[in-house]
Amino acid sequence: MGTTKSEIFSEEQNKIATLFKVLGHPARIAILQHIVNQKACICNDLVDELGLAQATISQHLKELKSIGIIHGNIEGKSVCYCIDTKNWENIQKELETFFKQDVKVNQCC
């Protein structure tokens, strides 16, 4: 996290921030939605689906893999990507826990 002094924050805070950072790009959301909508691993070319350069898509896939939400398997000359269902569910739970915190509304706003 560089200059954010991540060491002064809890492991949970750093983990949630990393999730938000990785999921904070619309191309990554589009990639995840495409994989989910296929209801299977995708081996086809995401360049045709999303209209982004291959290098750009590769970088986004790398970021998604870094949080474990997808994984890839090499099949011949292509790599097939799938949602890692266990990590998908873990991420869902972490974000649900974060957003289910009670918010006390003060009369100051």
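The values are calculated or read from the model by the stated rules, or taken from the named source; none is laboratory data. Since this is a predicted model, take the numbers as computed values, not measurements. Cβ placement follows ideal geometry from the backbone for every residue including glycine, while neighbour counts extend to all protein chains displayed. These area figures cover heavy atoms from the full protein model, side chains too; ligands, DNA and RNA do not enter into them. Shrake-Rupley method; radii C 1.70, N 1.55, O 1.52, S 1.80 Å.
Among the listed pairs K39/K100; K65/K93; K15/K100; K15/K93, those whose Cα-Cα separation exceeds 20 Å are K39/K100.
Expressed as a whole percentage, what fraction of the accessible surface of the range 8-56 belongs to carbon and sulfur atoms when a 1.4 Å probe is rolled over the protein heavy atoms? Spell out each step's value before the answer.
Values: 1790 of 3210 Å².
Carbon and sulfur atoms account for 56 percent of the accessible area of the range 8-56.
Helix 11-23 and the longest principal axis of the C-alpha atoms of the chain enclose an angle of approximately 50°. Tell me the relative contact order for the range 69-109 as a rounded percent, counting alpha carbon contacts under 8 Å between residues six or more apart. Relative contact order for the range 69-109 comes out at 29 percent. For the range 92-107, backbone phi angles converted through the Karplus equation (6.51, -1.76, 1.60; θ = phi - 60°) give residue-by-residue couplings of 4, 5, 4, 5, 5, 4, 4, 7, 8, 5, 5, 10, 8, 8, 8, 7 Hz, Gly and Pro being listed as x. Straight-distance candidates among the aspartates and glutamates for linking to K104, with alpha-carbon spacing under 19 Å and chain neighbours fewer than 8 residues away dropped: E96. Each residue of the range 52-63 was assigned a 3J(HN,Hα) from its phi angle through the Karplus expression (A = 6.51, B = -1.76, C = 1.60, θ = phi - 60°), giving 10, 5, 4, 5, 5, 5, 4, 5, 5, 4, 4, 5 Hz with x at Gly and Pro. Rounded to the nearest 10 degrees, the angle from helix 26-38 to the longest Cα principal axis of the chain is 60 degrees. Ranked by the mean number of other Cβ atoms within 10 Å of their residues, highest first, the peptides 26-33, 69-76 come out as 26-33, 69-76.
The value of relative contact order for the chain, using C-alpha pairs under 8 Å at least six residues apart, is 23 percent.
Our Cα-only numbers for the chain put the radius of gyration and Dmax at 16.8, 62 Å.
From the helices alone, meaning DSSP H stretches of at least four residues, give me the mean residue ellipticity at 222 nm for the chain, per-run term -39500 (n - 2.57), in deg cm²/dmol to the nearest 500.
That calculation yields -16500 deg cm²/dmol at 222 nm.
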